[in-house]
Amino acid sequence: MFDVWKNVLAKLEQELSASSFLTWFDSVELLDIKDGTVIVGVPNVFKIKHIENRYNDKIKQALIENDVKFERVEYVLKSDTPKVKKGREVTTEEVMTPEKARKEHDGVRVPVRGVKQSTTGLSERYRMDNFVVGSNNDLAVSVAKAVIEHPGGRYNPFFLYGGPGLGKTHLVQAIGNEVLKNNPKLRVLYIPINHFYTEFVGAVRKGGMDEFRKKYREVDLLIIDDFQFIVGKEKSQEEFFNIFNDMHQAEKQIIVTSDRLPSQIKTVDERLASRLTMGGAFDLQMPSFEDRSAILQSMAEFMGVEIEPEAIQYLAENVKTNIRDLDREFKQIIAMAELRGMTPLELISGGYIDTTVRSSSTSKPTAKKIVEKVAKYYDLSVKEMCGKSRVAHIKTARQVAMHLLSEELQMSTTQITSEVGVKDHTTVMHGIKKIKSDLRLNFTLREQISEIRGSIYE
Amino acid sequence: MEIEVEQSKLAKALSAVSRVAAGARTTLPVLSNVLIRVDKKKTTLTTTNLDMAVEDFLPTSLAKDGVVTVPAKLLSEFVANLPGNEVVNLSVNGDKVVTRSGKYSSVMNGTSAEDFPELPEIDEKKAVKFKIGVEEFKAGLTQVMVASSNDLTRPSLTGVYFNTNDGALYVAATDGYRLAEKKLIDKVKSEVKAIVPSSSLAEVMRLLGDNDDEVEIIFDDAQVKFRLGEIELTSKLIDGSFPDYRRLIPEKSETILKLDRAELSRVTKLAALFAREAGGSIICEAKEAGVFSVSSVANEFGENDSEITVKVTKPNKVTLNARYLIDALNVLSDTQVIFRFSGGLAPIVVTNAKLDDYTHIIMPLKGKG
């Protein structure tokens, strides 16, 4: 008789919008059919009347189609089944326990049974040793290493954010692969949030919520990718929140990636947002010119191909959007070079490559443009910014300009002096050093510089 | 449907109800709307997020029957920005809601009211009712809500437990590490055992006006209604059982100290600075020499030790989380407080020196100490 109910729900889901269905029928169950009365259990007292008023006819219709004989349908409040899951029954002894003093990570628990590689969602090509470390990502990488050392330790959850194509997926999958390598018995699960959503909705429809929850209860390391797509999926967010809490309490590692901070994602619950970043939020930045060169170099080594330093420089200078584009352009040049029997540099200097690169690149900015964009960003005139003012925010703006001139145009400190109106090149050296060290700890500054960098290449 | 009402009254009512709607993180657009219903000349504004609902009865100078829903936040902000002392006219034209006030007017797209959930009703004849003064209600709930948990994996601890015992109404909350209990009403006739979500109570506290002098609390099996003058907040109850917490309150303690609240608070905060690395753990020790010392050690930064002179009957030592003690001292009101404990892992009890039916318990930390 309870299979009938699944059919009824399936029919309702077809007829209602997804949001209505999830809002009203999540955890609604058939409790009994007795003396011609169908008893439907609704978990929320606020929903009973609405379901009765609006959906009674549809439910009756669906019951008839499934050959259920009844005279009337009754809607009753049922005990709050694991929506916000009922937790365990709390016993008195359990309630007030002397709090454990914060302890060292007590090792990863050994799971009951192993998990096959294919069920982890990980791809083996993402490894730590083929992830290029640069100033744009070194902080995130060192945290990733700490997570590999101590899953469920200090950086739990590990929240990683940054624009597209900067290596978020690579880094988190690499963590998963490394953790598995260290302890093949651990259950690791990598899942993009939209797959999580699909699974969740499927479970709701087919009444497989218990199985769904069980699956996540058993995971030791959960990696959620592209969390920003949670927008507008309240129910899965709630479910994720529960899973998150359970795992975190059990000191199991959670890794989440997103293209922005949770607080900047609309409709993310504040509690969830703050919990997601309680292990710290780490970002992947646009790589600088030097980083881009290093990435290209390691791509060449990885593929075992020869490429001239000049060709690398050309690519690093021209492809500034993200690492994915860099990868694509690089592979294209190598393929073309092989095809034509030329070296990459010959290809570039011969003008064969120009068109492909242009699509993702813009012309090299001038020093003047950089200075202007920085001044504009901080609401200053170029005159105000370039000069001797010691006012803190003006000084910072000036130092940011120095930093960007050095990073983006590889100008020497002496060249920079004239651009920002300071006399001494040691002032420039100090400014660049200051920003470099501030960047490590100051997230606001990182974001600001990344935005300015974007505006330079607009 | 049409109503006419003074701008200030409408703005106040909308701001009261729109928070619940605006706060609803919902996929269902109609839940971010306010339901405006005029029934037999009586105007009601309603919002809900399916965990609680707020209704405000609005006295109007003109009222024609009808019902409509409009985006709560938009209407609330529009009305709030209209000039005061003017009359606002709100009318329905097809599925549009027209708001007019002097030279200002707006047309908003309304949604049919039939999508708006009908709220559950409480049969007041069968329900259990209590009445309490606003000030006592506010003070009492503030004192216990500090101890409630926000860990959704243990839902029954995320609320405040209203319970009657020996003919009195008590409220209690615990997050597993501390517990607070207050006797709210001394003599009651009916009995109740219900867990009210802290989030709903927080909303009740915000809605409490200066001019209301009484709160009416009405319980049935699945829900509770708080009646505050013209406003009613209905909340579902948390389904689950609250632990039998009374057994946890120690009747006696080995060491009983009477301390100045401000001074104890100061030394705790000082020690807490050095306790960050150790998860807030501080050591409290009553010494024979008539000294109560509060200390903490942070390997990286150094250490802290402060002393208060006090009469000590029996020396004892306990480790606890500084934050819990600071929270407890914040909600106590007397200048003198009683700090009693028995060392080891026995619960610590903190109360006002002038007993006021409020008890706060903190569980010690395991570990050195």
- Query: Condition test on residue B:201, is it more than 14 Å from residue B:140 (Cβ to Cβ), of a type in the set (A, V, I, L, M) and under 14 Å from the mean Cα position of the chain (by Cα)?
  - Reply: no
- Message: Would you confirm whether or not region B:133-156 contains a residue that is in a strand (DSSP E or B), surrounded by fewer than 19 Cβ atoms within 10 Å (Cβ to Cβ) and either within 20 Å of the chain's Cα centre (by Cα) or modelled with pLDDT of 90 or more (or both)?
- Response: yes
- Exception for residue B:325 within (1) within 14 Å of another protein chain (Cβ to nearest Cβ); (2) in a strand (DSSP E or B); (3) within 21 Å of residue B:280 (Cα to Cα) falls at (2)
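Kindly evaluate residue A:218 against the criterion of being at pLDDT below 90 and within 19 Å of residue A:28 (Cα to Cα). Write out each step before concluding.
Working: at pLDDT below 90: yes; within 19 Å of residue A:28 (Cα to Cα): no.
Spelling it out, it is not the case that residue A:218 is at pLDDT below 90 and within 19 Å of residue A:28 (Cα to Cα).
Every residue, every condition in (1) modelled with pLDDT of 90 or more; (2) among the acidic types (Asp, Glu); (3) in the same structural domain as residue B:263 (by TED's automatic domain parsing), yes or no:
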{"position": "B:289", "(1), (2), (3)": "no, no, yes"}
{"position": "B:294", "(1), (2), (3)": "yes, no, yes"}
{"position": "B:302", "(1), (2), (3)": "no, no, yes"}
{"position": "B:308", "(1), (2), (3)": "yes, no, yes"}
{"position": "B:318", "(1), (2), (3)": "yes, no, yes"}
{"position": "B:326", "(1), (2), (3)": "yes, no, yes"}
{"position": "B:339", "(1), (2), (3)": "yes, no, yes"}
{"position": "B:352", "(1), (2), (3)": "yes, no, yes"}
{"position": "B:356", "(1), (2), (3)": "no, yes, yes"}
- Counting only residues that are at the interface with another protein chain (Cβ under 8 Å from one of its Cβ atoms) and assigned to a strand (DSSP E or B), which one in region B:336-369 is farthest from residue B:258 (Cα to Cα)? B:365
- Task: Filter region B:221-236 down to residues that are within 12 Å of chain A (Cβ to nearest Cβ) and either surrounded by fewer than 20 Cβ atoms within 10 Å (Cβ to Cβ) or free of Cβ contacts under 8 Å to residues at least 12 places away in the same chain (or both), then give me how many there are.
- Result: 2
- Query: When you go through (1) buried (at least 16 other Cβ atoms within 10 Å of the Cβ); (2) at pLDDT 85 or above one by one for residue A:53, which number turns out not to apply?
  - Reply: (1)
- Query: Considering A:430, A:403, A:425, which residue is more than 26 Å from residue A:138 (Cβ to Cβ) and of a type outside the set (Asp, Glu)?
  - Reply: A:425
- Which one of these is surrounded by 18 or more Cβ atoms within 10 Å (Cβ to Cβ), touching a residue at least 60 places away in the same chain (Cβ under 8 Å) and out of contact with any helix residue (DSSP H, G or I) (no Cβ under 9 Å at 6 or more places or on another chain): A:143, A:147? A:143
- Quick one: count up the residues across region A:279-319 that are under 26 Å from the mean Cα position of the chain (by Cα), in a loop (DSSP other than H, G, I, E, B) and either at pLDDT 85 or above or over 29 Å from residue A:341 (Cα atoms) (or both). 7
- Answer yes if at least one residue in region B:282-297 is farther than 26 Å from residue B:344 by Cβ, within 14 Å of another protein chain (Cβ to nearest Cβ) and either touching a residue at least 40 places away in the same chain (Cβ under 8 Å) or in contact with a helix residue (DSSP H, G or I) (Cβ under 7 Å, 6 or more places away or on another chain) (or both), and no otherwise. no
- Considering region A:29-44 alone, what residues qualify as being under 36 Å from the mean Cα position of the chain (by Cα) and in a loop (DSSP other than H, G, I, E, B)? A:43, A:44
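Considering only region B:237-258, state which residues are in contact with a helix residue (DSSP H, G or I) (Cβ under 8 Å, 6 or more places away or on another chain), buried (at least 17 other Cβ atoms within 10 Å of the Cβ) and not aromatic (Phe, Trp, Tyr). Break it down stepwise before answering.
So the first thing to find is which residues in region B:237-258 are in contact with a helix residue (DSSP H, G or I) (Cβ under 8 Å, 6 or more places away or on another chain), and the list is B:238-245, B:247-248.
Still in the running and buried (at least 17 other Cβ atoms within 10 Å of the Cβ): B:238-240, B:242-243, B:245, B:248.
B:238, B:239, B:240, B:243, B:248 - these are the residues of region B:237-258 that are in contact with a helix residue (DSSP H, G or I) (Cβ under 8 Å, 6 or more places away or on another chain), buried (at least 17 other Cβ atoms within 10 Å of the Cβ) and not aromatic (Phe, Trp, Tyr).
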- Test: residue B:176 is at positive phi, within 14 Å of chain A (Cβ to nearest Cβ), at pLDDT below 90 and surrounded by fewer than 22 Cβ atoms within 10 Å (Cβ to Cβ): yes
- Among what's in region A:5-28 and is surrounded by fewer than 17 Cβ atoms within 10 Å (Cβ to Cβ) and more than 13 Å from chain B (Cβ to nearest Cβ), pick the residue that is farthest from the chain's Cα centre (by Cα). A:7
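Would you point out which residue out of B:166, B:212 is within 18 Å of the chain's Cα centre (by Cα), away from chain A (no Cβ under 12 Å) and either surrounded by 17 or more Cβ atoms within 10 Å (Cβ to Cβ) or more than 21 Å from residue A:46 (Cβ to Cβ) (or both)?
Numbers: B:166 fails: within 18 Å of the chain's Cα centre (by Cα).
Among B:166, B:212, only B:212 is within 18 Å of the chain's Cα centre (by Cα), away from chain A (no Cβ under 12 Å) and either surrounded by 17 or more Cβ atoms within 10 Å (Cβ to Cβ) or more than 21 Å from residue A:46 (Cβ to Cβ) (or both).
Taking region B:138-163 only, how many residues are more than 20 Å from residue B:227 (Cα to Cα) and either among the small types (Gly, Ala, Ser) or within 14 Å of chain A (Cβ to nearest Cβ) (or both)?
Step one: list which residues in region B:138-163 are more than 20 Å from residue B:227 (Cα to Cα), which gives B:143-144, B:146-158.
Adding the requirement that they be either among the small types (Gly, Ala, Ser) or within 14 Å of chain A (Cβ to nearest Cβ) (or both) leaves B:147-158.
The qualifying residues number 12.
For region B:265-296, give me the residue count where each residue is not aromatic (Phe, Trp, Tyr) and not in a strand (DSSP E or B). Give the derivation first.
Initial filter on region B:265-296 (not aromatic (Phe, Trp, Tyr)): B:265-273, B:275-291, B:293-296.
Pick out the ones that are also not in a strand (DSSP E or B) and you get B:265-273, B:275-280, B:288-290.
Qualifying residue count, region B:265-296: 18.
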- Mind listing just one residue for me: the one in region A:229-278 that is outside any loop (DSSP other than H, G, I, E, B), at pLDDT 85 or above and among the hydroxyl-bearing types (Ser, Thr, Tyr) and, of those, farthest from residue A:408 (Cα to Cα)? A:274
- Task: For region A:143-163, name all the residues that are part of a loop (DSSP other than H, G, I, E, B) and over 10 Å from the mean Cα position of the chain (by Cα).
- Result: A:150, A:151, A:152, A:153, A:154, A:155, A:156, A:157
- Query: What single numbered condition from (1) in contact (Cβ under 8 Å) with a residue 60 or more places away in the chain; (2) under 27 Å from residue B:170 (Cβ atoms); (3) assigned to a helix (DSSP H, G or I) fails to hold for residue B:262?
  - Reply: (2)
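From the list A:130, A:136, A:177, which residue is in contact with a helix residue (DSSP H, G or I) (Cβ under 9 Å, 6 or more places away or on another chain), polar (S, T, N, Q), at pLDDT 55 or above and outside any loop (DSSP other than H, G, I, E, B)? Don't jump to the end; show me each part of the working.
On the way: A:130 fails: outside any loop (DSSP other than H, G, I, E, B); A:136 fails: outside any loop (DSSP other than H, G, I, E, B).
That would be A:177, the only listed residue that is in contact with a helix residue (DSSP H, G or I) (Cβ under 9 Å, 6 or more places away or on another chain), polar (S, T, N, Q), at pLDDT 55 or above and outside any loop (DSSP other than H, G, I, E, B).
The values are calculated or read from the model by the stated rules, or taken from the named source; none is laboratory data. This one's a predicted model, so the numbers in the text were calculated from it and none came from an experiment. When we count neighbours, we look across all protein chains shown, and the Cβ atoms used for this are built from the backbone with ideal geometry, even at glycine.
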